[in-house]
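Structure first, commentary second.
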Amino acid sequence: MAAGAGRWGDRTTGSARVAPLLMTAPALAGLLVFVGLPFVLAIGFSFTNLRLGSPLPLEWVGLDQYARILGSATFRRALINNAYFAAVIVPVQTCLALAAAVAVNGDHRGRSFARAAFFIPALFPMAMVGVAWELIYAPGPEGPLNALGAALGAWAPRDFLRDPVLAMPSLMVLSVWQGMGLQMVILLAGLQSIPEDLYESARLDGAGPWSRFFHVTLPQLRNPLVFVVVVTALLAFRLFDQVQILTRGGPADATTTVMYQAVTAAFTRQQVALASAMSVVFFVVVVAITALGRRAFRQEQGVA
Amino acid sequence: MSSGRLRARRLLGGLPAVVITAAAVLWLLPIVFILAASLKPDSLVLAEASGWRALWPGRPSLQNYADVLDRTAFGRIFLNSVIINIGIVGGGLVVNSMAGYALARLRFRGRALVLGIVLVLLVVPLEAIAVPLFYQVTVLGGRDTYWAQILPFVANAFSIYLFYSFFLGFPKELEEAARIDGAGPLRTFVEIVVPNSGPAFASVTIVTFLLSWGLYLWPLMITSSTHVRPLPLGIAVFRTLPPLQWGDIMAFAVMMVAPGVLLFLVLQRWFVAGIATVGVKR
Amino acid sequence: MSTIAFRGVHKVYADGTHAVDGLDLELAQGELLVLLGPSGCGKTTVLRLLAGLESPTRGEIFVGERRIDELPAAERDVAMIFQSYALYPHKSVRQNLAFPLKMRRAPRPVREQRVREVADLLDLGPLLDKRPGQLSGGQQQRVAIGRALVREPAAFLMDEPLSNLDAQLRTRIRSELAALQRRLGITTLFVTHDQTEAMTLGHRVAVLNQGRLQQVGTPEELYRRPANVFVAGFVGQPAMNLLTASAEDDGARLRLSGSGAVVAPPSPVPSGRLCVGWRPEALRLGAPEDAAALGTGTVRVVESLGPERLIHVGSDLSPWDAAVPSDRASVIVRTGGDEPPPRVDDRVGLLGRAEDAHLFDADGRSLAPPIRPGG
């Protein structure tokens with residue numbers, strides 16, 4: 001006699017009723033306690049004047065914190081920086097990842113080498129990439145990048161990380177270098193799942209390589225591409241590690257980001273409520289991006 | 001792979017493998033630079049950084065590596081990363097796979113609600129909740145501990161969703177056969193479903209690992225000593241430790257990623273196949 | 001070893017579809033009953049209801065004296081063989097066979113002994129330590145049967161177990177299955193869409209369409225006395241020629257629509273639109289001028305099948321299925337291979353005897369007296 005195996009398709013009896021609860025409980029508990037609860041707290045705090053070590057009593061201040069951050073030039077700059085970073089990173093990294101995936105998809109000697117080469121930086125923690133590239137960006141003519149520039153006659157020695165105009169692009173370059181690998185692998189998988197017949201039939205119809213790329217490859221890659229774009233955009237808005245290690249938000253707020261502002265507010269100035277409000281704003285932006293992404297994804301479901 | 005072969009030749013027309021290899025080499029240059037710098041005496045690192053010598057250690061020596069081990073508790077820091085990651089990945093596989101399966105296959109009251117919660121929390125990134133989570137964890141006495149770096153990340157909405165999508169496509173007949181044979185839901189999951197879901201577990205392992213290995217913000221907030229500090233924070237702190245010796249720093253960098261890179265090179269095919277299923281599903 | 005009974009069983013899905021519509025069916029002990037029907041007719045659902053993978057919306061199911069429709073699958077004492085065999089890919093054959101016993105907490109020596117017995121019965125000895133992936137289709141099937149047998153169930157359920165095998169293997173395993181079932185005497189419910197299988201395997205065959213039982217009987221009965229137009233057209237290959245006719249002379253005569261030929265029915269027929277069917281082997285070709293011809297037409301296709309031929313004739317007779325345009329409908333005639341074949345475009349007459357005709361009323365029900373009371 002089987003011990004308590006309930007009919008868990010149509011109706012459940014006995015111990016089979018317990019199983020689903022047992023199986024979801026740990027994950028659910030973890031999510032609620034470590035994600036749900038802090039989220040609710042963040043929203044809650046953002047409507048107060050919570051500041052650790054402050055003699056003032058805790059009280060409800062409504063939208064004051066939000067007014068403060070949206071009125072703060074620094075925070076607005078942070079938002080713009082995030083948008084700037086994302087606006088450049090997403091297309092550049094995606095195109096590079098696509099090009100790399102296409103290149104690596106063929107069968108030629110050196111394909112494994114190229115695939116490994118493009119992917120390996122993705123295995124490096126961003127913190128390590130930041131520290132290493134600081135040396136590459138060394139100012140003055142001794143810096144490797146500057147030396148390269150001099151050799152190409154392209155630019156005079158620059159202090160990349162302290163130049164208000166070049167600081168953000170410098171962060172972009174190393175971020176793309178690290179991030180491209182993962183996206184390439186995902187797109188590569190997408191490429192390999194495209195049925196051969198589509199290419200053959202296009203070829204018979206007279207399409208050349210570029211035509212086939214635009215009319216067969218890209219449409220079939222719609223889903224992985226949307227996925228890659230959304231994920232890259234989300235990661236771009238979470239920009240923190242490189243900023244904290246390399247530029248500290250400078251020079252003159254040229255590289256400050258929303259998360260950097262929030263963490264500094266919370267830890268160096270104990271402004272928990274302010275930091276929470278920033279987190280909430282950040283969350284709203286993330287939701288917007290994800291929603292856009294989901295819509296683009298769903299639109300494709302019907303066609304593909 | 002023959003389909004890929006033909007495809008590339010068609011797509012790229014006459015683009016020779018040489019160009020691709022050249023691009024790959026270019027992409028690797030920073031790594032070569034780091035490696036070379038780690039093998040040079042500190043005084044030469046910057047001095048030679050501007051010429052072709054930047055990529056070439058004249059007389060390679062492991063002195064920097066020895067220095068790192070002298071100057072920092074590298075072994076400890078590395079161990080910390082390993083412990084934390086095994087905790088997050090291992091714990092995550094158990095907890096998230098069960099939840100994903102229950103959501104995909106079992107009918108129970110509240111299933112829609114739980115699924116809804118997962119989908120909503122899917123969108124909440126760590127950074128949005130880091131601050132309040134920090135205070136929560138502090139209140140529970142988690143500062144400078146392992147558990148504070150592991151537990152909050154074990155249950156993961158994204159992993160649950162990945163497992164959920166995968167299990168939706170699992171061959172129902174195997175589960176039905178087990179059911180008729182007398183196995184309950186948990187038994188079926190453990191004995192029948194899990195052993196036949198290799199790809200899903202591989203994907204989730206790799207993706208979770210990649211994300212958790214690089215955690216920086218959280219350890220920065222939570223830890224204060226090398227006691228439980230993981231590698232990404234370790235190298236950032238080392239960078240600020242006087243005297244500033246780039247050779248040592250580069251050696252630290254190499255030591256921290258070398259095992260992972262070697263592992264990847266050995267398991268390349270599985271690695272790539274493992275990540276592959278992530279983006280194609282969704 | 002038990003009887004099986006379905007009493008008033010309904011299965012209605014959330015969207016309103018009646019997968020099973022009022023099923024009353026009984027299986028005798030040791031019988032092999034085949035559920036036959038087109039895809040979507042509900043036969044697999046009936047099987048799953050018996051197995052416990054789904055529960056009936058209304059009605060009762062009995063195995064022997066026990067009412068089982070509210071019991072979980074594992075407690076019903078039925079074993080199922082899936083279309084894809086559903087062998088556990090990561091377990092060896094031995095472990096697959098032992099699994100049901102393991103789930104029932106049978107002690108190890110009992111498990112080992114049963115596995116050995118079943119392996120001997122089905123000749124699985126050399127395969128015991130292999131994995132399903134290493135076995136051929138036929139071998140996998142035997143393991144699936146073994147896994148079902150190991151529990152000594154009261155009933156066997158088989159869901160199109162032969163459809164994944166190639167043609168030659170299918171015939172061989174079909175007879176092996178029949179022999180095994182006879183030998184063990186386990187009541188078996190067998191689902192298939194393949195007529196040949198149904199007709200050769202089953203002691204009785206139950207024909208289902210759209211969730212409703214059309215007819216239950218021996219293959220012979222289904223073939224000679226179809227209870228309705230559906231069974232008449234479904235059982236038998238090629239299908240019976242079903243034509244439209246109407247009554248005349250108060251039912252004493254039958255006029256075939258289209259050709260106008262007249263036939264004398266064995267007993268008076270009701271008025272209204274009627275269906276008359278002749279099986280292909282009941283028809284002959286003759287001269288188009290023949291006065292006794294049921295209809296005339298032109299030969300469209302001649303199919304040579306070795307010992308016999310199938311002749312497709314585009315005739316003036318109206319098909320029963322109004323959906324088929326009459327210029328496409330063909331009457332199919334089966335002839336022996338000895339006579340010289342007609343040529344395409346030959347004008348021919350269709351000849352057949354009134355005694356060989358199957359008659360159905362406007363609702364498709366057979367007008368022939370039932371063979372047994374209650375069918």
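Mean-square fluctuation check for chain C, GNM, Cα pairs under 10 Å: which of C:L359, C:L50, C:L122 is largest?
C:L122
Over segment C:230-360, what is the relative contact order in percent, taking alpha-carbon pairs closer than 8 angstrom and at least six residues apart?
Relative contact order, segment C:230-360: 29 percent.
Determine which lysines satisfy two conditions relative to C:K43: a Cα distance under 16 Å, and not lying fewer than 8 residues away in the same chain.
The qualifying lysines are C:K11.
Among C:A329, C:L71, C:P265, whose Cα lies farthest out toward the positive end of the dipole of chain C, if unit charges sit on the beta carbon of Lys, Arg (+1) and Asp, Glu (-1)?
Of the listed residues, the answer is C:L71.
Between C:T45, C:G133, C:L32, whose Cα lies farthest towards the positive end of the dipole of segment C:1-153 when Lys and Arg beta carbons carry +1 and Asp and Glu beta carbons carry -1, centred on the Cα centre?
C:G133
Please list, or write none, the lysines whose alpha carbon is within less than 27 Å of the alpha carbon of C:K91, excluding same-chain residues fewer than 8 places away.
Partners within reach: B:K172, C:K102, C:K130.
So, counting K/R as plus one and D/E as minus one, what does the shell of residues with Cβ under 13 Å around C:R170 add up to?
With Lys, Arg at +1 and Asp, Glu at -1, the net is -3.
Roughly how many debye, to the nearest 20, is the charge dipole of segment C:186-288 about its Cα centre, given +1 on each Lys and Arg Cβ, -1 on each Asp and Glu Cβ, and no other charges?
Charge dipole, segment C:186-288, about its Cα centre: 100 debye, nearest 20.
Which aspartates and glutamates, if any, have their Cα less than 18 Å from the Cα of B:K40, not counting same-chain residues under 8 positions apart?
A:E134, A:E142, B:E48, B:D67, B:D70, B:D248
Over chain A, what is the mean sequence separation of C-alpha contacts under 8 Å (at least six apart), divided by residue count, expressed as relative contact order in percent?
26 percent
Find the relative contact order for chain C and round it to a whole percent, using C-alpha pairs within less than 8 Å whose residues are 6+ positions apart.
Worked out over chain C, it gives 16 percent.
Using the Cα centre as the reference, give the magnitude of the dipole from point charges on the C-beta atoms of chain A (Lys, Arg: +1; Asp, Glu: -1; all else neutral), rounded to the nearest 20 debye.
Once rounded to the nearest 20, the dipole reads 500 debye.
Please state the charge dipole magnitude for the protein assembly as shown, taken about the Cα centre, from unit charges on C-beta atoms (+1 on K and R, -1 on D and E), reported in debye and rounded to the nearest 20.
My answer is approximately 2320 debye.
Positive end of the charge dipole of segment A:65-303 (Lys, Arg +1 and Asp, Glu -1 on Cβ, about the Cα centre): tell me which of A:L225, A:A99, A:A254 has its Cα farthest that way.
Going by the charge dipole, the pick is A:A254.
Readers should treat all values here as calculations from the given coordinates under stated rules, not as data from a laboratory. Just so it is clear, the model here is predicted, and its values are computed rather than measured. Quick reminder, even Gly has a Cβ in these numbers, built from the backbone with ideal geometry, and neighbours come from all protein chains shown.
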